[in-house]
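Undergrad: Submitted below is the structure of interest, expressed as structure tokens.
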Amino acid sequence: MRLVSKRLAACAASLALVASAALVGCSGQPSVGQESSSSSVNENADAVELQIFAANSLSKAMEEVQTIYTEQTGVTFADTQYEGSGTLNEMLGGGAYADALITASASTMDTAVDSGYVDADTRFSLFSNDLVIVSGLDSSLEDVTLEDIASGTYTLAVGDASVPAGNYAKQSLTTTTPPCWISADGTVGPDCSGKEGTFEGTPLEGKVTEGSSVGNVCSYANSGDVDLAMVYSSDVYRFGNVKQVGTAPFGTHKPILYPAAVCTVSEHPEEAKAFLEWCSTDEDAIKVWQEWGFELV
């Protein structure tokens, strides 16, 4: 009896080992259905390509950030469009496709919301910036104030009405004594739009060059075409060849904010929203923004 029991136990153990090996083989080799499902998910993730419309001043930093995001998630980016914020709205109004919009002013995002280009519920302020006074690297100027500009001693470059940096500059120039820019409706500082007005009759009459982008404005200062220019602090990092010689005081212009939102025509709204949120929370992304002179709100 003992011998029979031992043989039965040995047989049972052998059967258990065979069953165990079969289970291990099954667990290590996914079924056809499981493999197909997993492959499909990966292919779908890789297939997501986002089209971003972003303000000119974000170009260098955004390129680095998008590379990091692709490495982390597999999401790729189409040819990101960098233009003046007003131009980006015009492109959307003309039927251009974009998944997300980042502008360089609240007013241009207001226009995008009012025009139905973006989903207002996804809007948030992503970055802030400073308005600074710059000169060419060879310039001997330093510690320049708005009142120095109001003396009429220097020539100046600012953005035109379509460039948010130019709007902020003109807002600041209404606060000098005497005013260097006069708004069409008589408003001053943060109360004016900085879009409609004139330099005529001010100390800067005939001394201002307006550029269609902050890049052009910086180049005027770098080349010596003008003594000074007013741009964002991030532009000093982005373009180089200019140096900061002053800052427009807080309160002389509206807060400089970069709002972001998902576009209403986006075919990937959740992915676009996830990217924008990642931009403001990921440590590697934050490091890049800071290196290029942007501050997270």
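Undergrad: Under 5 Å between amide H atoms, partner at least 5 residues away or on a different chain: which partners does Thr155 have, H built in plane at 1.01 Å?
TA: Asp227, Leu228
Undergrad: Kindly state, to the nearest 0.05, the FRET efficiency for Ile68 paired with Glu295, given R0 = 22 Å and r defined as their beta-carbon distance.
TA: Rounded to the nearest 0.05, the efficiency is 0.70.
Undergrad: Follow-up question, since we're still on this one. Apply the Kirkwood formula to the range 116-173: the hydrodynamic radius equals the inverse of the mean of 1/r over all pairs of different alpha-carbon atoms; give it in Å with one decimal.
TA: Kirkwood hydrodynamic radius for the range 116-173: 14.3 Å.
Undergrad: Within the range 162-216, which GluC sites (Glu not before Pro) sit in a loop by DSSP and count at most 14 neighbouring Cβ atoms inside 10 Å?
TA: Here the sparse-neighbourhood loop sites are Glu196, Glu200, Glu205.
Undergrad: Using modelled amide H (1.01 Å from N, peptide plane; none on Pro or chain starts), what sits under 5 Å from the amide H of Phe127, excluding residues fewer than 5 places away?
TA: Correct list: Tyr258, Val297.
Undergrad: What is the ratio of the Cα radius of gyration of the range 145-225 to 2.2 N^0.38 Å, with N the residue count, to two decimals?
TA: This ratio for the range 145-225 stands at 0.99.
Undergrad: Can you pull out the chymotrypsin sites (Phe, Trp or Tyr not before Pro) in the range 220-297 that DSSP calls coil and that have at most 16 other Cβ atoms within 10 Å?
TA: Phe250
Undergrad: How far apart, in nm, are two points set 7 Å out from the Cα along the Cα-to-Cβ line at Glu90 and at Asp138?
TA: Between Glu90 and Asp138, the label points sit 3.4 nm apart.
Undergrad: Any chance you could list P(r) for the range 156-297, counting all Cα-Cα pairs in 10 angstrom bins from zero, rounded to whole %?
TA: 11, 35, 31, 17, 6, 0
Undergrad: When we measure straight from the Cα of Lys254, which lysines land under 27 angstrom away, once same-chain ones fewer than 8 places off are left out?
TA: Lys60, Lys170, Lys195, Lys207, Lys243, Lys273, Lys287
Bear in mind that the values in this text are calculations on the coordinates, not laboratory data. Quantities reported herein were computed from a predicted structural model and do not represent experimental measurements. Positions of Cβ are generated from backbone atoms using ideal geometry, with glycine treated the same way; all protein chains shown enter the neighbour counts.
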